[in-house]
Structures are given as C-alpha cells and as structure tokens.
Amino acid sequence: MSKFQPVTSADPNAPLPGVVGTGSAMTEIFRLVRRVAPTQATVLVVGETGTGKELIARSVHVLSNRADGPYVRVNCGALNESLLESELFGHIKGAFTGAIENKTGRFEAAHGGTIFLDEISSMSPKLQVKLLRVLQENEFERVGESKTIRVDTRVVAATNQLLEDEVEAGNFRDDLYYRLNVVPVYLPPLRERKGDIIDLARHFLKRHADINKVEAPEWTAAIEPVLMAHDWPGNVRELENYMARAVVLCRGGTLDAHAIGLPGRSERRYKPAASSKGRPGDLPTLVRQIVRMGIQSLPDGALHDRLVGDVERELIEQVMSDCEQVQVKAAQKLGINRNTLHKKLSDYGDHATPAAEKV
Ligand SMILES: Nc1ncnc2c1ncn2[C@@H]1O[C@H](COP(=O)(O)OP(=O)(O)OP(=O)(O)O)[C@@H](O)[C@H]1O
Ligand SMILES: [Mg+2]
C-alpha cells in the first residue's frame, strides 16, 4: 500500500491523514497521536515554525470521537489581551466600548469539539488564569457577565517557544504549563529528519500540480543532494514553498534547483545564508571566522560571555592605544559613554592605567 493512501486506524503506526513521514521520528509521532486522539487529554504540540504543528492539531481532532463536532482555531499571538479575552470567552453587549452586541466566544463555539490554541506562549497572565480554570473546571464567564458557562471542549495547544523557558522566566504559569503539557508532542525540525525530505518534496510537487491543474515537473535525481544539503530553517513550510514555486517555474520541464532559487550544494554547504554576501577579508567574513573559532575552542556555557567579552576588550584596548590612553577620546571614537568605558577598564584591572590615566 502506498504511504499516501488513506489508512485505517487499525494500524497504530499508520501515517496520519495528509501527514507525510516515514522516518522514526514521524512514525513515533503517528503512534503517539493515534493513542492520545481518542482520549480527552490536553495535547501540547511543540516545534519550530513550519514543522507541522497545525497539521498535528487537526489530526488529534479528526481521529477523536469529536471529529463530527467543531474544530476551532485561535491564534493567541495575533490579538491583544482584551480582544483575545472576548474572542475566547465572548462578551455581552455593553461590556466595553465597542461591544455593541453579544458575542459568543470560541470556547462555546467549540463545544462538543476541539479548540486549537496556537502560539499559547503569548497569552497574558490574566488570560492564563482564565484558561487554567476552563481546563480544570470546564467553566468560565463571558466578559461583562457573572453567569458561569460550562463547556465540553477539548484543548490542543501549540508553541514554538520552549514553555519551560517561559515558566522559568516568569512569563508563563507553571500550573497552566503542567495542565497543558499532559501529552506533549514534539515535532523535530526538518534538518533533524532529513530522511523525510524527498517524500515530502514529491508530495508537495503533486499537491501543488493538482491545485494548479498542471503537470508536475519531472523528478530528477540531481535535485536530491541539493534538497538534502539545505538546512531548512523554515522547515516543512519552506520545502513546500520551493515545490509550489517549482510547479509554476519548471512547468512542463524537469525540476531545476537553480530555477526555483534553491542554493546549489557547493554554494550552500556549511555556510550560513548571509555568508554568500561576504568576501574574504571583509568585516562580516572576519567576524564569522572569529565566531566560528570561538565556538570550536570555548567550553559550552561560557561561549557568549567569553567570546563577546574578549572581542570587546580587544576593541577597547586597541582604541585606547590609538587614542594614547585618553579615555574621553576613546569613548568618543567607540561611541560609548565615558563612565561605561572607565568601568570596563577598571574591570580589566591590570590593563587599566589609573595612575597615568589621561582623561
Ligand atoms: N509531515 C507533513 N506532511 C505533509 N505536509 C506537512 C507536514 N508538515 C507540515 N506540512 C505542511 O507544511 C505547512 C506548514 O505546516 P503547519 O502550518 O502545520 O506548521 P506550523 O508548525 O503550525 O508552523 P507555524 O509555527 O509557523 O504556525 C502546511 O502547509 C502543512 O500542511
Ligand atoms: Mg501554525
């Protein structure tokens, strides 16, 4: 059977509908989603942008016994606190300026189905409290009303920030985090599951050819090393965009990496995107070389402070020397405050010249 055909849920490892991936990471995700979907558990989907979080959230809904109920998506990062509050929980007429009629919130709209809360990390502390209550008690009040509303809505949330970090930084409530993180589904970036790239590329070529009602460009083995060498910072979405472009630009011909703007293998390898602009000896190139050396030679954990500190100290010492140790001149040349410069020089200790200091 082709891996793209509809599958029955009898096979616990079967791909999810419309989700491509044969490597171990995706197979593990298929298994997890198939197990959790039929339950009431809250699911937290975590992954970089474009890794397929929304696709997974939909799969949880489609494979649940709520599939016939509503699926409602709310992007929590797109609205400010008060708009998001009334979007999620609704409001009554007159609750605030502009509330000219009653509004049903998305939690109510998703009753009997699933609500997908995207970019959950951007939710404000006040709304985090309200969400926690819905998760714990299934109840809330509309904005401007004291009547309590009960709903039966399953929550799936997504984030591309590590919520643990947000909890640590005091931006996200730990009790809400634990409540959301009942079943985490982590989607690895595409560069960590390169085995899926070719299948995905073929899938998107066909998909976009079908959408445009044209023939897909002919697949060529020459494109494969190019696809494999790219780092895919935009993950699956970036790959999809290249293939959508290929359908348009290579119409009737063969797939051509150059035509669709994919960097060739040798141009790309081991170079960050910006390096194509660099020339040997220019400043960005030199900075990149220094940073690369720092990464290779300095211990983990000390990297930022040591590297940035060493570069800054070298800069200050050379400028001080050029300015014959006159701090006011050096501060001017550097474009930093004189007191800041003085403090840095004192921190360097033996390199500061307090006795002979010329100001
Ligand atoms: N494994 C996959 N198989 C098929 N299509 C995929 C897969 N993963 C992602 N896609 C497609 O890639 C695009 C981006 O996926 P999606 O919108 O789910 O990413 P996301 O993680 O929600 O991104 P963002 O954080 O930017 O919102 C969509 O068109 C989606 O259908
Ligand atoms: Mg998304």
Among residues of the range 74-88, those that are within 16 Å of ligand 2 (Cβ to nearest atom) and out of contact with any Lys or Arg (no Cβ under 6 Å at 6 or more places or on another chain), counted: 5
Count of the range 94-131 residues which are in contact (Cβ under 8 Å) with a residue 12 or more places away in the chain and farther than 11 Å from THR153 by Cβ: 21
Number of the exception - GLU101 against (1) charged (D, E, K, R); (2) within 29 Å of the chain's Cα centre (by Cα); (3) outside any helix (DSSP H, G or I): (2)
Some residue of the range 89-109 being more than 16 Å from ligand 2 (Cβ to nearest atom) and acidic (Asp, Glu): yes
Residue ID - nearest to the chain's Cα centre (by Cα), chosen from residues in the range 48-73 that are away from ligand 1 (no atom under 13 Å from the Cβ) and among the aliphatic types (A, V, I, L, M): VAL72
Residue that is farthest from VAL45 (Cα to Cα) [pool: residues in the range 145-179 that are hydrophobic (A, V, I, L, M, F, W, C), assigned to a loop (DSSP other than H, G, I, E, B) and away from ligand 1 (no atom under 16 Å from the Cβ)]: VAL151
Contacts under 8 angstrom Cβ, first residue in the range 38-57 being closer than 10 Å to VAL182 by Cβ, partner away from ligand 2 (no atom under 12 Å from the Cβ) and among the charged types (D, E, K, R), 6 or more apart: GLN40/ARG154; THR42/ARG154; THR42/ARG179
Residue among VAL43, VAL36 that is more than 16 Å from ligand 2 (Cβ to nearest atom), in the same structural domain as LEU127 (by TED's automatic domain parsing) and out of contact with any His (no Cβ under 7 Å at 6 or more places or on another chain): VAL36
Considering residues of the range 180-199 that are closer than 30 Å to ARG154 by Cα and assigned to a helix (DSSP H, G or I) only, the residue nearest to the chain's Cα centre (by Cα): LEU190
Qualifying residue in the range 71-79 (condition: of a type in the set (A, V, I, L, M) and within 24 Å of GLY112 (Cα to Cα)): yes
Selection within the range 74-95 - closer than 30 Å to ASP196 by Cα and surrounded by fewer than 17 Cβ atoms within 10 Å (Cβ to Cβ): ASN75, GLY77
Neighbours by Cβ (under 6 Å, 6+ apart or cross-chain): first from the range 164-190, among the charged types (D, E, K, R); second outside any loop (DSSP other than H, G, I, E, B) and surrounded by 13 or more Cβ atoms within 10 Å (Cβ to Cβ): GLU166/SER121; ARG173/GLN128; ASP174/VAL167; ARG179/LEU135
Filter result for PHE30 (buried (at least 20 other Cβ atoms within 10 Å of the Cβ), away from ligand 1 (no atom under 16 Å from the Cβ) and at pLDDT 95 or above): no
Residue among ARG179, ARG202 that alone is closer than 30 Å to ILE120 by Cα and among the basic types (Lys, Arg): ARG179
Residue selected from the range 47-73 under the condition in a helix (DSSP H, G or I), among the aliphatic types (A, V, I, L, M) and crowded, with 18+ Cβ neighbours inside 10 Å, by the criterion farthest from ligand 2 (Cβ to nearest atom): VAL60
In the range 227-246, the residues that are within 15 Å of ligand 2 (Cβ to nearest atom) and either free of Cβ contacts under 8 Å to residues at least 12 places away in the same chain or outside any helix (DSSP H, G or I) (or both): GLY234, ASN241
Residue match in the range 33-41 (condition: within 15 Å of ligand 1 (Cβ to nearest atom) and modelled with pLDDT under 95): no
Subset of the range 296-343 [within 36 Å of the chain's Cα centre (by Cα) and of a type in the set (Lys, Arg)]: ARG306, ARG313
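The values are calculated or read from the model by the stated rules, or taken from the named source; none is laboratory data. Only a predicted model underlies this, so the values are computations on that prediction, with no experimental measurement involved. Note: ideal-geometry Cβ built from the backbone for every residue, glycine included; neighbour counts use all protein chains shown.
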